[in-house]
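None of the figures in this text is laboratory data; all of them are computed from the coordinates on show. This one's a predicted model, so the numbers in the text were calculated from it and none came from an experiment. Cβ sites come from the backbone with ideal geometry, for glycine too, and all protein chains shown count toward neighbours.
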Amino acid sequence: MTIPRLVTITFSHYCEKARWGLERRRLDFVEDGHLPLFHWLPVRRAGGERQVPLLVVGDQLVADSTAILQWADAQPSDGPRLYPDAVADEVLTLEEGFDHDLGPAARRWAYGFILRRREYLMRLSGEGAPAWERRGMGLGFRPVRWLMRRGMRIDEAGIARSRDKLARTFDDVAERLSDGRPYLTGDTFTAADLTFAALAAPTVVPANNGSPFPPVAELPADAQAEIEAYRAHPAGAYALRLYADERGRG
Ligand SMILES: N[C@@H](CCC(=O)N[C@@H](CS)C(=O)NCC(=O)O)C(=O)O
């Protein structure tokens, strides 16, 4: 079998979710990383529609991060299961909730800061994508920013709504963990925990995210203050613990 190819936007948190899931299942794959907008061509060439992550397995396409985690879980592997049978339905329900609410909210909130200055976006784009895409992104920063802001409705009203959604999600997660359970569905790390941590990562900036974040100290002061507040929230601290304890390879 040819080695599966994961087409990504290198720093996308949905792509981090897929990458982490494949690594946790100890499956071989190669990452085909790109920058936003530049990803369209490789996605179309592979036969996908437009979004990443997209996993290409021979002539099979697995689109959407949840489908990729489910695919990974079904492969023969000695890696830990992502959807243990006893809690599989609960895991999927939690995961879909995070995909729907937390993912877009964390992304819009983070881009609100990152798109302010070319250098922030360039730092975020530092690794894993072809050099010509990086050059193109630097040269075309203003039109790229305009397209991204328009495509993801990154404006003050949208960012404020995203902040509310982040607060609700963090409070729900903290409430669920408040009975002392070590993971969201009980005693075992699952796709629900992985999804929460990966999609919350832009707000808490873990040191070992699969695609490195710029140093927090180099972000604007208002971003640093919000990141500190998310890190101090029990759900933010939980996401950081998952990165520290569970994100290593295998
Ligand atoms: N529900 C999808 C969401 C994926 C998604 O939003 N991908 C974004 C990157 S974070 C994307 O491809 N955006 C580019 C575009 O729509 O052109 C999943 O879980 O995979």
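Structural remarks
- Residue among 137, 198, 170 farthest towards the positive dipole end of the chain, charges placed on Cβ: 137
- Prolate/oblate/rounded label for the stretch 85-246 (Cα gyration tensor, a/c 1.5): prolate
- Each of 93, 66 was scored by other Cβ atoms within 10 Å of its Cβ. Listed from fewest to most, they are 93, 66.
- Long-range HN-HN contacts of residue 33 with modeled amide H, under 5 Å: 8
- Virtual paramagnetic centre 7 Å along Cα→Cβ of residue 208, amide N under 18 Å, in the stretch 60-76: none
- Length-normalised contact order of the chain in % [C-alpha pairs under 8 Å, at least 6 apart]: 25
- Farthest toward positive dipole pole in the stretch 79-128 [+1 Lys/Arg, -1 Asp/Glu at C-beta], among 103, 80, 121: 121
- Mean Cα-pair separation over length for the stretch 33-142, i.e. relative contact order, pairs under 8 Å, 6 or more apart, %: 25
- Here the extension length gained between residue 179 and residue 153 equals 5.6 nm, from 0.36 nm per residue of separation less the Cα-Cα distance.
- Global form of the stretch 180-250, assessed from the alpha-carbon gyration tensor, a/c cut-off 1.5: oblate
- With the largest listed first and rounded to whole Å, the semi-axes of the equivalent ellipsoid of the stretch 32-98 from the Cα gyration tensor are 26, 15, 9.
- Gain in span if fully extended, residue 221 to residue 246, counting 0.36 nm per residue against the direct Cα distance: 6.0 nm
- Listed peptides 67-79, 183-195 by packing density, highest first (mean Cβ within 10 Å): 183-195, 67-79
- When the helices of the chain are scored as -39500 (n - 2.57) per DSSP H run of n ≥ 4 and the total is divided over every residue, the value at 222 nm lands at -17000 deg cm²/dmol.
- For the chain, size of Cβ-based charge dipole, Lys and Arg +1, Asp and Glu -1, in debye: 1300
- Counted by neighbouring Cβ atoms within 10 Å, the residues 227, 3, 159, 9 run from fewest to most as 3, 159, 227, 9.
- Anisotropy class of the stretch 1-121 from Cα gyration tensor, a/c 1.5 cut: oblate
- Centre-to-centre separation between the Cα atoms of the stretch 125-178 and those of the stretch 15-92: 21 Å.
- Share antiparallel - DSSP beta bridges, the chain, percent rounded to 5: 60
- DSSP-assigned coil residues among trypsin sites (Lys or Arg not before Pro) in the stretch 2-81, each with at most 14 further Cβ atoms within 10 Å: 26, 50
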